[in-house]
Amino acid sequence: MPGSVPLPAPAVPPDTAENAGPLRATLLMAGSCLPVLGAVLIAPVLPKMQDHFDSVPGAKALVPVVLTIPALALALLAPFAGVIVDRLGRKRLLVVATVLYALFGTAPLWLDSLGAIVASRVLVGITEAAIMTCCTTLIGDYYTGRVRDRYLALQTMCASAAATAFFVLGGALGSAGWRAPFWIYAVGLLLAPAMAAALPKPRPVGAPADELAAEARPFPVRRLAGLCVLTLFGATIFYTVPVEMSYLLDDLGVTSTGVVGLATALASAATVVGSIAFTKLGGEPVGRLPAVFALCAAGFVVMGFAGSPVVLVIGAVLNCLGCGVLLPSLLTVAMSKLDYVDRGRGTGLWTAAFFAGEFVCPLLLIAVESAVGSLSAAVGLLGLASALTAAGLLLSRRRVTIAEEAPRPVRPSRVR
């Protein structure tokens, strides 16, 4: 991992951005929660939806796809959304995408074809890619330094809390029928006008000549490539506990949905605590990545060897504490490498890597489980991989430090 670089200038003057009041930040946090809504809101009603379309050929495979396809579309299209962000502007795209999100998200309320519903979910994923990329890019535009770090951590906290809230809300609305939760997508029609009115159009701070020079140079792909690979793996770690916790508890004989819900809620709360801790930690985020991966690894190892539900929950809490610090750390490091003209594309690449990790997570664990014989062993191996990642990052960091501190040889001057 390369050493840290100075943070680029914000897109608006810091004294304006940091004293703009809570409305701007609230709208950005609310927008960041919309992709989470798509991932968990309808999970509780999938069985009812399955029953409704039971006579449709392929329904057994297509109904679960209704839940997962937006994340795949988001992962595939976020880089293209980043290009559009840099070309057309952040605010304009955010407002349009939020309106379309509401229209496509509520489409299953009146669609009767399962194929059409799946198609509408693909369109939801496209709008989610634009919304997530725009919101994260605007946080990088409006804020700088520790203020930016706090808002990126707050983005993680809001997403984690929203996931739990939306899951409960989807279950409650599902009692009125499988279509009822889709009404929540209409919240986009409330957010879009507020975003249009309250979010200023960001403009880079700096000399026009510097801006033109930055636009003329190629996008720094190599600067972000390693971090995107690390983010994909980090997202796999991040989603392991939410995705696999119920299965791990079931393997230990826990079948009560109440107990499973409580255990998942404790782990989710630990993620929020980790995000809060991120804002209190000193030093550069890149420097703490080895310790964070090591903490995630320790949690996985405890989970892998857990012989009782209590030990399993302790391991999950340890892992989620690390995950709460991991996500904003990775995002902050990515932001520190991007100038204004590159921020949309860079954020799109980072977002794509993160949601690709979300999509890959269950598939990877299924493959490893089939190879080693149990899910707990697969989680333990993921812990080993996390520990090796921590060791590699620590070694790389030490090499960079040694290289920076090593005295440079003095070249003899030429005598003319």
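Tabulated data for the structure shown
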quantity: Binned Cα-Cα distances of the range 116-165, short to long, each 10 Å bin given as a whole percent; calculated: 23, 38, 29, 9, 1
quantity: Exposure proxy ranking, count of Cβ atoms within 10 Å, fewest first, for W183, W350, W178, W110; calculated: W110, W183, W178, W350
quantity: Sum of side-chain charges, V333 neighbourhood, beta-carbon under 13 Å (Lys, Arg +1; Asp, Glu -1); calculated: +3
quantity: Residues C320, C228, C135, sorted so that the one with the fewest Cβ neighbours within 10 Å comes first; calculated: C228, C135, C320
quantity: Neighbour-count order for D251, D141, D149, fewest beta carbons within 10 angstrom listed first; calculated: D251, D149, D141
quantity: Per residue convex hull volume, Cα atoms of the range 73-186, in Å³; calculated: 105 Å³
quantity: Mean-position separation - Cα centroids, the range 172-197 and the range 308-329, in angstrom; calculated: 31 Å
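Each reported figure results from applying straightforward, stated rules to the coordinates on display, with no laboratory input. Everything numeric here is computed off the predicted structure, so don't read it as measured data. Glycine gets a Cβ as well: all are built from the backbone with ideal geometry, and neighbour counts include every protein chain shown.
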